[in-house]
Amino acid sequence: MSAFHYNTANLPDDLALLRGRVADLERAEAERRQAEAALRESRARLRTVISHTPIILFAIDREGIITLSEGKALDVLNLKPGEVVGRSVFEIYPDVPQVAESLRRALRGEAFSSQIELAGAAFETRLTPLRDEAGEVSGVIGVATDITDRLRAERDLRASEEKFRLLAENVPGIIYLCRNDARYTMRYLNDEVERVTGYSPREFLEDRISFADLFHPDDAPAVYRGVNEAVSRGEPFHLIYRIRCKDGHLIWVEEFGVGVYRGDELAFLEGYITDITQRVADQKALEESKADLEKRVVERTEHLRVVNDRALRMQEELAHVLRVATVGEMASGLAHELNQPLSAILNYIQGAKRRIDAGAILQAELLGVFDKVAAQAERAANILKTVRQYITKRPACGTCCDLNSVVRDSLELAETDIRENGVRLDLSLEPDLPESHCDHVQVEQVVLNLVRNGIQAMESVPPEERVLRIATRRHGEGAVELVIQDTGPGLTVEQSGRAFEPFHSTKEGGLGMGLSISRSIIEAHEGRIWVAPRAPQSPVPAFGGAEFHLTLPVKGGEQ
Amino acid sequence: MSDGHPTVFVVDDDPAMRESICWLIESIGLKAKAFPSAAAFLGEYDPAAPGCLVLDIRMPNMSGMELHARLLEKKIPLPVLIITGHGDVPMAVRAMKNGAFEFLEKPFNDQALLERIQQAIELDARRRQSSQRHADVQRRRQTLTPRERQVLDLVVNGRLNKQIAVDLDLSEKTVETHRSNVMRKMGAATVVELVRMVLGNEGES
């Protein structure tokens, strides 16, 4: 103080100065306090932040003693902030070698991050070595972030990805993601593509092969068009086309696809392709079997038509037989036709009878045979119906004929028989006979039959005695008459009475149908036919044989 | 087609006829097989199959007569029963002359048909057996030496050992040796059996 010499005159100034200094000091002190408060506040805030952030902030000295332990993530380890401070890391986690290893590594001066699992939680830990002024490592500070949730989410995501990958790899079809370029450059393909096409996913992904290379040339334009039209409208596409596999064979595939858009822009195509070759083949087989069935229906129809044609032809043949053969020959043909169903009926019945006798037939079997027998009986009836229709339906077909010309035509037809048998003809045909109302051909059959009967009847007499007398004449006002006499043995009264009965024959092997049918024809023309019996001890030996008569009404004559 | 059991082959173009004939044949437990045409039968028939043939004489394309002729040509000895309709008798007679086993006129008596069918089957079996026997004898005969064959022929002709020795300029002893070899190789116990074996074989067709 002695050094102070006060100049009182300056005192107010000094005082002012002093006050100023005090004020400065006070201000500085306030600032310091303020700063301290701010620091405290900041520290508190930091601690608050740390204590609420899912991390652990820690510091460890060279000996492994924890000097700092803060942060919300301590909750995960069931610790309070600062709780483990002063304890050795090596003590706390003796079971987790990774802790000690990481710490030693950091203490060697390396800063690094690692993942570590503690008490069921996962942490990502960043360790940084602390160095003193001399540059020696004096400790380690670390930040551990709780990544349990993140890992779980990642694991879940991976699992879900794996699941989808597995799904994609195991669906029975190709799943793809590709660009909509000319080669449909692939971005993703499942392994199924190799099973289907023979090319591996790699070959596609590295663009060594492309679906564009595999399209059947005939199908490619439709594929491009189908895809482009659909994606331009923002619609999914559905295509069926052929591709050529690695081994060269063609398969049918079906594709369902859709555009993947980013904003409005088409980024990719994704879809699903399956091999439908088998399905196509099945369908084709089905169509073929359908076609085959149709073919068979057609064939069956054709067969029925043929059968029908045959029946018609048989009818025509029968009609033809009726026209060109004598009624006797016709009857023979008829007999042959009838023989078939009748023989079959007999066989069926006898076969059934034997089985019944042996007790070896089922009722159903028997009924089946009855049906067959009935069918054959019907067949026989139909044959007869055809004949009857022919005979009765065309009684007078409108044509008129001259009995004399009928006789001449018949003799012309029998000319060979007459000549070969040395038969002499004795004709007395009345000229200018009125025309009769009859079918020339049918009456001709009857006359021819009578002529042949006469010739056959004379086989038993010497040739020089064989004379056939044929006469025509008027029979009353409304009819004309034909008489045919032979010089054969003739018919007894009994024989002549039965001559026109069906199946009655005096000839060996004769059917007994000729005269029966002749009578049907003549009666259908409203005429009559009869035979005069042999006169007992005929006085005229030349004409001791049979004498047949037939009459036919004349045109416009009495009914 | 051949399982050893005799089969009655029925060829008729009329479906009802062939079906009903089969039905009748099967009623006595025989196997029957029907064919709608001669060609169908020829196409399928295995000559090794035993049995007999029932044939309709009238058929379109190849008639029963033609089929019969074809079988004769091929040396198929299957007995043939011809079925005829009315008026086909002359044709049937011709068939009989050509070696048909029987002809039956439609409609036929079932008893007659079935009896004749059974007889035909028996004949076929006998023929097959004898042709088998014939083949056996032939085979055995092949095992004989030329000299033994000469001896066999002379034995069959009724020559005595002494005569054979002269015929062949051999000693009687040698002839005896040949003769006993022949008997052994042919499997005949007696000379009578040997002769029957050789001659019986020639006699049967």
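Conditions tested, residue by residue: (1) of a type in the set (D, E, K, R); (2) out of contact with any Pro (no Cβ under 8 Å at 6 or more places or on another chain); (3) modelled with pLDDT of 90 or more; (4) over 21 Å from A:Q350 (Cα atoms).
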| site | (1), (2), (3), (4) |
| --- | --- |
| B:D14 | yes, yes, no, no |
| B:I25 | no, yes, yes, no |
| B:P47 | no, yes, no, yes |
| B:M65 | no, yes, no, yes |
| B:E73 | yes, yes, no, yes |
| B:L81 | no, yes, yes, no |
| B:D88 | yes, yes, no, yes |
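A count restricted to the range A:440-467 and to residues that are crowded, with 21+ Cβ neighbours inside 10 Å and outside any helix (DSSP H, G or I) stands at 1. When the residues of the range A:219-240 are filtered to those that are closer than 14 Å to A:V253 by Cα and not hydrophobic (A, V, I, L, M, F, W, C), the one that is most open to solvent (accessible area, probe 1.4 Å) is A:H238.
Sub-8 Å Cβ pairs linking a first residue in the range A:377-392 that is within 13 Å of chain B (Cβ to nearest Cβ) to a second residue that is open to solvent by 70 Å² or more (accessible area, probe 1.4 Å) and at pLDDT 80 or above, at least 6 apart or interchain, are A:A380/A:L342, ordered by first then second residue.
Residue-level analysis places B:R18 outside the set of residues that are assigned to a loop (DSSP other than H, G, I, E, B), within 14 Å of another protein chain (Cβ to nearest Cβ) and either surrounded by fewer than 16 Cβ atoms within 10 Å (Cβ to Cβ) or without any contact (Cβ under 8 Å) to a residue 60 or more places away in the chain (or both). Does the range A:61-83 hold any residues that are in contact with an Asp or Glu (Cβ under 8 Å, 6 or more places away or on another chain) and of a type in the set (S, T, N, Q), and which are they? Listed by number, the residues that qualify are A:T67, A:S69.
Within the range A:44-59, if we keep just the residues that are part of a helix (DSSP H, G or I) and open to solvent by less than 40 Å² (accessible area, probe 1.4 Å), the residue that is nearest to A:E83 (Cα to Cα) turns out to be A:S51. The residues of the range A:468-490 that are surrounded by fewer than 19 Cβ atoms within 10 Å (Cβ to Cβ) and either within 60 Å of the chain's Cα centre (by Cα) or without any contact (Cβ under 8 Å) to a residue 60 or more places away in the chain (or both), listed by number, are A:A471, A:R473, A:R474, A:G476, A:P489.
Of all residues in the range B:78-118, those being part of a helix (DSSP H, G or I), within 14 Å of chain A (Cβ to nearest Cβ) and either open to solvent by less than 10 Å² (accessible area, probe 1.4 Å) or not small (G, A, S) (or both) number 12.
Restricting A:R296, A:R279, A:R305, A:R300 to residues that are assigned to a helix (DSSP H, G or I), open to solvent by 100 Å² or more (accessible area, probe 1.4 Å) and touching a residue at least 24 places away in the same chain (Cβ under 8 Å) narrows the list to A:R279. Please enumerate the residues belonging to the range A:411-427 that are polar (S, T, N, Q) and modelled with pLDDT under 85. Result: A:T416, single match. Restricting attention to the range A:401-427, the residues that are in contact (Cβ under 8 Å) with a residue 24 or more places away in the chain, open to solvent by 40 Å² or more (accessible area, probe 1.4 Å) and assigned to a helix (DSSP H, G or I) add up to 3. Applying a threshold of 7 Å to beta carbon distances and a minimum spacing of six or more residues, or different chains, the list of pairs starting in the range A:345-362 at a residue that is more than 8 Å from every other protein chain (Cβ to nearest Cβ) and ending at one that is part of a helix (DSSP H, G or I) and buried (at least 17 other Cβ atoms within 10 Å of the Cβ) reads A:I349/A:V373; A:I361/A:A352; A:I361/A:R355.
Residues that are touching a helix residue (DSSP H, G or I) at 6+ places or on another chain (Cβ under 7 Å), open to solvent by 50 Å² or more (accessible area, probe 1.4 Å) and assigned to a loop (DSSP other than H, G, I, E, B) do occur in the range B:137-154.
Checked against the criterion of being open to solvent by less than 70 Å² (accessible area, probe 1.4 Å), among the acidic types (D, E) and either touching a His at 6+ places or on another chain (Cβ under 6 Å) or modelled with pLDDT under 85 (or both), the candidates A:E203, A:E192, A:E169 yield just one match: A:E169.
On the given criteria, is A:A267 part of a helix (DSSP H, G or I) and surrounded by fewer than 16 Cβ atoms within 10 Å (Cβ to Cβ)? Against the criterion (part of a helix (DSSP H, G or I) and surrounded by fewer than 16 Cβ atoms within 10 Å (Cβ to Cβ)), A:A267 does not qualify.
Evaluating A:A23 against the criteria (1) open to solvent by 50 Å² or more (accessible area, probe 1.4 Å); (2) not assigned by TED's automatic domain parsing to the domain that holds A:T145 leaves one unmet condition, (1). Out of all the residues in the range A:46-63, is one or more at pLDDT 85 or above and small (G, A, S)? Looking through the range A:46-63, at least one residue is at pLDDT 85 or above and small (G, A, S).
Comparison of A:A73, A:A35 shows that the only residue that is out of contact with any helix residue (DSSP H, G or I) (no Cβ under 7 Å at 6 or more places or on another chain), open to solvent by 50 Å² or more (accessible area, probe 1.4 Å) and not in a strand (DSSP E or B) is A:A35.
The values are calculated or read from the model by the stated rules, or taken from the named source; none is laboratory data. In this text the structure is predicted, and so the values were computed from the model without any measurement. Every residue, glycine among them, receives a Cβ derived from its backbone with ideal geometry; neighbour counts consider all protein chains shown. Protein only, heavy atoms only, side chains kept; ligands, DNA and RNA dropped before computing areas. Shrake-Rupley method; radii C 1.70, N 1.55, O 1.52, S 1.80 Å.
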